[in-house]
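The values are calculated or read from the model by the stated rules, or taken from the named source; none is laboratory data. Just so you know, these numbers come straight off a predicted model, no measurement behind them. With ideal geometry, Cβ positions are generated from the backbone for all residues, glycine too; neighbour counts draw on all protein chains shown. Ligands, DNA and RNA are stripped out before the accessible areas are found, and what is left, the full protein with its side chains, is counted by its heavy atoms. Shrake-Rupley method; radii C 1.70, N 1.55, O 1.52, S 1.80 Å.
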Amino acid sequence: MVGLSEGEKQFLSGGIEHNIRADGRTRHQFRPISVHTGVIPQANGSARVRLGATEVIASIKAELGKPSLLHPDKGKVSIFVDCSPTAAPIYEGKGGEELSMELSVALERCLLGGKSGAGAAIDLSSLVLVEGKVCWDLYIDALVVSSDGNLLDSLAAGIKAALSNTGLPKVNVVLGASPEEQPEVDVSDEEFLQFDTSAVPVIVTLTKVGKHYIVDATSEEESQMSSAVSVSVNGNGQICGLTKRGGAGLDPSVLYDMVSVAKYVSQQFISVLDSEIAAAEASED
């Protein structure tokens, strides 16, 4: 937790009130973002994303598996977050474990929809090779390297960048003589199919400080928040998920306004992020 003096608190809240934050940004402005892809050679895809002084690494590992009995037409995606103790002292021990779990659940809620997979921003049906028999299992691991606020948005950006860098091996499937037989699979070492991230959203978190809400809050700003709403939005401006934290309630009209701002800001953020991803992929080649 960031400790601020009364003077620092007044300076911070006063700046937000007048739409000039401590680092010079307006209320609805993100910090500069940088992207590097292919940072973990052993993974199917990976990326390092830095948003201000917050830095995360995301990696994708793909393995062949079997669809669940409940959802034979869908592949499976798991998201795991780890908060490095070197990122902030509060991440040491139980504090880091609890935050890692909270972030993992929030990312799954925003990116994977409900337990049935309905509303998933990642197309789980595209991961099926043979319905009920063979599918891709994607394991998404994300590490918080350094922390200066807005972890959820940074992690989602890192995951989108890592998925853009992901190539799934081409698989030739030979069906068995009977429906009960498990198909034979031949996984190519040379041919890869690029993962489609066109529908993968970003997350925009609106943090309420005083009477106003801001995007991409720093740790100091988060220390003064009453509540925060995180909205995942895709490139078409569609809402893919929403989660709230903080004890203070929100009037429905305020929540509606926050979602509207998140939709607007997300399109600008997606444009910048996609440009950074494209530049990172080009430099990697």
(request) Pull up all non-local amide H partners of Asp148: gap of 5 or more, or a different chain, and H-to-H distance under 5 Å with H placed in the peptide plane. (result) Thr54, Glu55
(message) Helix check for the chain. Which DSSP H runs span at least 24 Å along their own axis by Cα, with a mean Kyte-Doolittle hydropathy no less than -1.0?
(response) 94-112, 252-284
(message) Using a Cα-Cα cut-off of under 21 Å, which lysines could be cross-linked to Lys9, ignoring same-chain neighbours fewer than 8 residues away?
(response) Lys208, Lys211
(request) Just report the Cα centroid separation between segment 57-84 and segment 197-273, whole Å. (result) 26
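Using a 1.4 angstrom probe on the protein heavy atoms only, could you order Arg21, Arg48 from most to least accessible area?
Working: Arg21 5, Arg48 80 Å².
Descending accessible area places them as Arg48, Arg21.
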(message) Given the whole protein assembly as supplied and a 1.4 Å probe, what does the accessible area of Cys83 come to in Å², nearest 10?
(response) 0
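Show that you can apply the helix-only estimate: for the chain, add -39,500 (n - 2.57) for every DSSP H stretch of four or more residues, divide by all residues, and state [θ] at 222 nm to the nearest 500.
Details: 5 runs with 82 residues, N = 285.
For the chain, the value works out to -9500 deg cm²/dmol.
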(request) Apply the Karplus parameterisation 6.51 cos²θ - 1.76 cosθ + 1.60, with θ equal to phi minus 60°, to every residue of segment 129-137 and state each ³J(HN,Hα) to the nearest whole Hz, in sequence, with x for glycine and proline. (result) 9, 9, 4, x, 10, 9, 8, 8, 9
(message) For Thr54, Thr26, give me the order by solvent-accessible area with a 1.4 Å probe, most accessible first, ignoring ligands, DNA and RNA.
(response) Thr26, Thr54
(request) For Leu64 paired with Asn236, estimate the spin-label separation in nm (one decimal), with each label point 7 Å from Cα along the Cα-to-Cβ line. (result) 3.2
(message) If I compute mean projected area of the Cα convex hull in nm² from the structure I just sent, which labelled value in [x] 24.4; [y] 16.3; [z] 22.6 lines up?
(response) [y]
(message) Per residue of segment 204-214, what does 6.51 cos²θ - 1.76 cosθ + 1.60 with θ = phi - 60° give for ³J(HN,Hα)? Whole Hz please, x for Gly and Pro, Karplus curve as stated.
(response) 10, 9, 9, 9, 8, 10, x, 8, 10, 10, 10
(request) Could you pull the accessible area for Leu129 with a 1.4 Å probe, rounded to 10 Å²? (result) 70
(request) Keeping all protein chains in position, work out how much accessible area His212 exposes to a 1.4 Å probe, and write it in Å² to the nearest 10. (result) 50
(message) If amide hydrogens are placed 1.01 Å from N in the peptide plane, which non-local residues have theirs closer than 5 Å to the one on Val39?
(response) Ser46, Ala47, Arg48
(message) With a 1.4 Å probe and all protein chains kept in place, how do Met101, Met258, Met225 rank by accessible area, largest first?
(response) Met101, Met225, Met258
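Could you check how much of the accessible area of segment 123-234 is carbon and sulfur, as a whole percent, using a 1.4 Å probe?
Numbers: 2070 of 4350 Å².
Heavy-atom surface of segment 123-234 belonging to carbon and sulfur, 1.4 Å probe: 48 percent.
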(request) Mind telling me which of Pro179, Pro201, Pro85 comes out most flexible in a GNM of the chain, alpha-carbon contacts under 10 Å? (result) Pro179
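Please work out how much length the chain gains when fully extended from Lys211 to Val173, using 0.36 nm per residue of separation minus the C-alpha to C-alpha distance, in nm with one decimal.
On the way: separation 38, 0.36 × 38 = 13.68 nm, distance 5.81 nm.
Stretched out fully, the Lys211 to Val173 stretch lengthens by 7.9 nm.
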(request) Rank Tyr91, Ala162, Thr37 by how far each Cα sits towards the positive end of the charge dipole of the chain (+1 on Lys, Arg Cβ; -1 on Asp, Glu Cβ) and give me just the farthest. (result) Tyr91
(message) Before I look further, what does the chain give for accessible area per residue, probe 1.4 Å, in whole square angstrom?
(response) 49
(message) Just to be sure I understand: with springs between alpha-carbon atoms less than 10 Å apart, which residue in Val35, Val265, Val144 has the highest mean-square fluctuation in the Gaussian network model of the chain?
(response) Val265
(request) For segment 122-186 and segment 2-32, compute the distance between their C-alpha centroids and round to whole Å. (result) 40
